[in-house]
Each structure stands twice: as C-alpha cells, then as structure tokens.
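K.L.:
I'd like to ask some things about the structure below.
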Amino acid sequence: MEAIILINTVPGRELELLERIAGLPGVKSAYMVYGTHDLVALVHAASNDRLKKLVSEYLRRMEGVLSTTTLVVAAKKEPGNPAF
C-alpha cells in the first residue's frame, strides 16, 4: 500500500527532519514544501499494520515533529507525458 504523509515540524527543524525521515524504512521520497505543511513523505508499506507502525512508532515520536496527516492512496495514475 502507498500513502502520502503530510508533516508539520517545529520551525527551523525542517531540513534536519527531512534527512531523518528520508532514511526511514518504507519512505520512497521526502520533500520540504511551502504551505500548510512543512514536509511530505511518500511511503510504501507492506500492510496497514506496517504503515501504522511507521507513523505511530517512528514519525510521531520523532523530536521536532508536531503533527502528521496520512493519506492512503486509493488509486494511482502516472502520466507518460514529460514535465511541463
């Protein structure tokens, strides 16, 4: 299963947490973003229990992470068009 995790951090800790989160098991990619959230992680988990473990035991307990919102991917389409 794939999920997108939106992460809010303590101000000033974004780059440090980006590096740490990118190294977690199951994290395919991680981004620092502008807007309502500070970081976004794209993850792949073998099961719902593994996703729960990643979020509950790793991300939410990480010092500097204030909150997370997990979006489980229901369908996926990757366009074959080049970047605009």
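Values quoted throughout were computed directly from the atomic coordinates according to the rules given, and no laboratory measurement underlies them. Not measured: the values here are computed from a predicted model. Here the Cβ positions follow ideal geometry from the backbone for every residue, glycine too, while neighbour counts run over all protein chains shown.
K.L.:
For segment 16-32 and segment 42-79, what is the centre-to-centre distance using only Cα atoms, to the nearest Å?
P.N.:
Using only Cα atoms, the two centres lie 11 Å from each other.
K.L.:
Related question: Relative contact order of segment 2-72: what whole-number percent is it, with Cα pairs under 8 angstrom and at least 6 residues apart?
P.N.:
It comes to 46 percent, rounded to a whole number.
K.L.:
Please give every one of the aspartates and glutamates within straight-line cross-link reach of K76, meaning a C-alpha to C-alpha distance under 18 Å, and leave out same-chain neighbours fewer than 8 residues apart.
P.N.:
Filter leaves E2.
K.L.:
When only DSSP loop residues count, what trypsin sites (Lys or Arg not before Pro) in segment 2-63 have their Cβ near at most 12 other Cβ atoms within 10 Å?
P.N.:
R61
K.L.:
Another question, if that's okay. Hey, of [x] 6.2; [y] 5.0; [z] 6.8, which did the structure itself give for mean projected area of the Cα convex hull in nm² when calculated?
P.N.:
[x]
K.L.:
Ok, one more. Work out how much length E19 to V73 would gain on full extension: take 0.36 nm times their residue separation and subtract the Cα-Cα distance, in nm to one decimal.
P.N.:
The E19-V73 span can extend by a further 17.1 nm.
K.L.:
Would you kindly derive the ³J(HN,Hα) couplings of segment 30-35 from the backbone phi angles with the Karplus curve 6.51 cos²θ - 1.76 cosθ + 1.60 (θ = phi - 60°), listing them in order in whole Hz, with x for Gly and Pro?
P.N.:
9, 9, 8, 10, 9, x
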